[in-house]
Amino acid sequence: MAKTSSSPKKPTRSSQRNKTTMSKPKYEEVTDVSHEEESTQVSRGEDSTQVSRGEDSTQVSQEEESTQVSRGGKRKNNSASGASKSKRSRPELGSKTSPFKSKSEDVGVLGGDESGSKTTPSKLKVTRQAVNGNEDEKQDARLIGEPVPDEEARRRWPKRYQGVEQKQVVSKNSKDENDSEIIQARRHYTQAEVDGRVLYNLYDDAHVKAEEGQDYYICKIVEMFEAVDGTLYFTAQWFYRARDTVMKKLGHLIDKKRVFFSEIRDDNPLDCLVEKLIIAKVSLNVDLEAKKKMIPCCDYYCDMLYLLPYSSFINLPPEDKTNCSEASSTISTDDVNSVNEEKSQYEEASQASNNKKSQVTLLDLYSGCGAMSTGLCLGANMAGLKLETRWAVDLNKYGCESLKWNHPETEVRNESAEDFLALLKEWERLCVLFSLLKSENLEKQSFNPFRTEDDGDDDDNEEDDTEGDVFEVEKILAICYGDPKKKGERGLHFQVRWKNYGLEEDTWEPLEGMGDCQECLKDFVTRGFNSKILPLPGDVDVICGGPPCQGISGFNRFRNKENPLQDEKNKQLKVFMEIVEYLKPKFVLMENVVDIVKFAEGFLGRYALSQLIHLNYQVRMGMMAAGAYGLPQFRMRVFLWGARPTEKLPQYPLPTHDVVVRGVIPLEFEMNTVAYDEGQKVELETKLLLEDAIADLPAVGNYEHQDEMDYDKDPQTEFQRFIRLRKEEMPGSSPKAKPAKHLLYDHRPLELNVDDYQRVCQIPKKKGANFRDLPGVLVRDDNKVEWDPSVERVYLKSGKPLVPDYAMSFIGGSSSKPFARLWWDETVPTVVTRAEPHNQAILHPEQDRVLSVRENARLQGFPDYYKLFGPVKERYIQVGNAVAVPVARALGYALGLAYQGVPSDEPLMKLPPKFPNIIERISSESSEDNS
């Protein structure tokens, strides 16, 4: 039986959950109201006395018996007579398990106060009022004017008139507290008066009483009615302040006057209304300055809809879908259109560029070897979008080398992201200097980078390294920002080819020293501008990347839990957002470890989401497991979508495969997990196991040194057949791909030292084998190990013990991971960046070695044609740090649909059957037809 309460509750942050399920919110269906059917509205202004509005409003003192109200969450209202009120449209925590399960009982509702705790409300004083005007003039609240005609009221609010003969409420199912109880109405009105001085019309915005000491809640009045028991109610559709959403304490990054509309509705006593408000509905605009100009004088302004599922912030729906009257909008259509016509220069340039180009451009930040962008392009191309990685940036030179070999069309930059951003800004200034680009913000006169004649004397006392020789610049080859000479002189530099000198004599020269070769410089900048060696604002359609946040790693003993952004190791998250702000791409996809929503109450995850919202991007956040898309591993990762207001926000592709669940999903963000609802009938592909992925690969030993080899057997599984496809055969690959020899790359294991190799050779080739199978080790009943006193300790030829002390003491002697073999019918929890067997299960099931680079790459979904570079240890790092290619491919497919405006506003989508195996690659002929 549903519980009842004597007062409305503040939105609760946790609710009891089935131990093995996850859920997403469910919303009560609301009925749209035609504006034409509304009664004549009384305009705001002189006819009603207004009290102070906004954040600075003086709070009314609220005694224990004053009327309280709450917003969102789980709530029930009771009249003084004990009548149970509606819980309409609250976010309900249903259950979803397939393909994942959770081990927790409690899960937090996203949004609410910073503490996330429950609030005990004061008792309600509900004033039961007569409706006609002959009642006492001192009554607190009353409905006024003519009631809505009965026939019209029944049509507009049919659930309110299911049983008027009942004295209290009609319950859909009193045994299920997730089902809402609907207050039955006697009649509806379109006007009300509260405190004898404030006149409210239907669809007005208002402040509503909150707990003592708290800011008023903010709502739109979407119903006014008298219940069958005579109690007067209004239905509130709630606005959220930033701090009341998933942003929580990071809400300070958002303008205080900015609020977010929601789909959450519930019923509250009429005398909870405090004052009328003017909430301006404005259009989103990634040009922040242009947006400021379009905000009129108001108490608050609203430009986004906040939805609990997947922490979504999206464009406001059309006026007629939000049950808002035309009178409630404080901006005329003409005003909005006039502001929208004031496009900034980058928007006009971007639109002109889109009309000319057929290729959609992608910038891969923190690219590593390029797995994320590779998958995105494959998936997008399968959806009919010609997406190409035009630029990539990473600090690891080996990752850059791998990416360049596999994607020769990409401009790959081996530098830090902050240096890349500084370079982009300097590049724009150079383009303005040489009249290649017009800019309102950058004037040629204000940018004079070259030395003048007056400062030539500054070098008189410097050592003359040339000894009288004169060097002439033949050509400028490249540009960078930083300190390429390692002299502590950071700035803009150019790689110079000197006339009559060879390649080995090329040098990096600072911009200030290029005054005597401005023609060469202009030629370089002009060629670079035309070929887009660097992106300018408006050039990039999609930015993807996974900024490293090493400061939250569990290996970091000095993690800053109060403000992780102050840790230098986490600053790349800010740099990523600064690049987004500068380039203003149409779409953003940020990937990161689950710890960004676990560590320090999810501080970094909330920051990333808040920053994109601050930049006026639509946003949603989801967590996806690699194994759910056809890999024998689990590895959960967070993916944050961002889309400009003019674009469709991409969806998350639902899982295609069953998966072995490993690890624990963060409780508060559990409803962000991309999964099917519990009870939903769905046929998933069978989960993949280790044998499905690697059993066809040739046998190699610990001392294998070949980087390339031939296959020695045919593929045995669908996965093996697909992963072996040549580049030109891969669904979604570019038609430009040239046929290549069918070789297997990087099937080399980390070469173990002699001692470790001898240990590995003694590990039995059976399921579950590990160091505990070696002589001299006893396993106690509590699963901890100890030395067997009856067995003399065994030593290796080197004199070191066969069973090392660190294996016995790892995790207090309770771990079986040291020198553990994987087995064919198992999966791995994740793919790691290092291959040492000392504290992890990474030994091949039947060979005396660790898994090879290629075997690890297959666990991440890399096609066999994808060649890696650098020392073997570096290749493991590239693979381990990569986004699983099948996950990126699925997201790319969703991106391709969104770019073309195909998907609905729902957060999830289903991939085509057997994705991606049976999707036909777009041929060059059809691509030409579509261009």
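No value in this document is a laboratory result; all are computed from the given coordinates. Because the structure is a prediction, the values reported are computed rather than measured. Every residue, glycine as well, gets a Cβ built from its backbone with ideal geometry; the counts of neighbours run over all protein chains shown.
Note on Lys397 and Glu212: with the Förster distance fixed at 60 Å, the Cβ-Cβ geometry gives a FRET efficiency of about 0.50. Using a simple spin-label model with pseudo-atoms 7 Å out from Cα toward Cβ, Tyr806 and Asn753 lie 0.9 nm apart.
Just to confirm the filter: which trypsin sites (Lys or Arg not before Pro) across segment 743-843 are DSSP coil and have at most 11 other Cβ within 10 angstrom of their Cβ? Write down the numbers at each step before the final one.
Values: sites: Arg759, Lys765, Lys766, Lys767, Arg772, Arg780, Lys784, Arg793, Lys797, Arg821, Arg834; in loops: Lys765, Lys766, Lys767, Arg780, Lys784, Arg793, Lys797, Arg834.
Hits after loop and neighbour filter: Lys766, Arg780, Arg793, Lys797.
Close amide H partners of Gly546, meaning residues 5 or more places away or on another chain with modelled amide H under 5 Å apart, are Glu591.
Residue ranges 370-378, 245-253 sort as 370-378, 245-253 when ordered by packing (mean number of other C-beta atoms within 10 Å per residue, highest first). Pairs spanning more than 19 Å between alpha-carbon atoms, out of Lys397/Lys584; Lys438/Lys522; Lys159/Lys681; Lys249/Lys291: Lys397/Lys584; Lys159/Lys681; Lys249/Lys291. Here the dipole of segment 619-768 is about 340 debye; that uses its Cα centre as origin and unit charges on the Cβ of Lys and Arg (positive) and Asp and Glu (negative). Residues whose amide H lies under 5 Å from that of Tyr301, counting only those 5 or more places away or on a different chain, are Arg258, Val259, Ala280; hydrogens are built 1.01 Å from N in the peptide plane.
In sequence order, segment 201-212 has phi-based couplings of 10, 4, 6, 5, 9, 8, 7, 10, 4, 10, 4, 4 Hz under the Karplus curve 6.51 cos²θ - 1.76 cosθ + 1.60, θ = phi - 60°, and Gly or Pro positions carry x. When each of the peptides 604-610, 415-421, 807-813 is scored by how many other beta carbons lie within 10 Å of its residues on average, the order from highest to lowest is 604-610, 415-421, 807-813.
For the cross-link pairs Lys248/Lys569; Lys586/Lys910; Lys256/Lys292; Lys248/Lys574; Lys574/Lys598; Lys293/Lys532, the ones whose C-alpha atoms lie over 21 Å apart are Lys248/Lys569; Lys586/Lys910; Lys293/Lys532. Which loop-located GluC sites (Glu not before Pro) does segment 726-823 contain, where loop means any DSSP state but H, G, I, E or B and the Cβ has at most 13 other Cβ atoms within 10 Å? Listed in order of number, the matching sites are Glu792.
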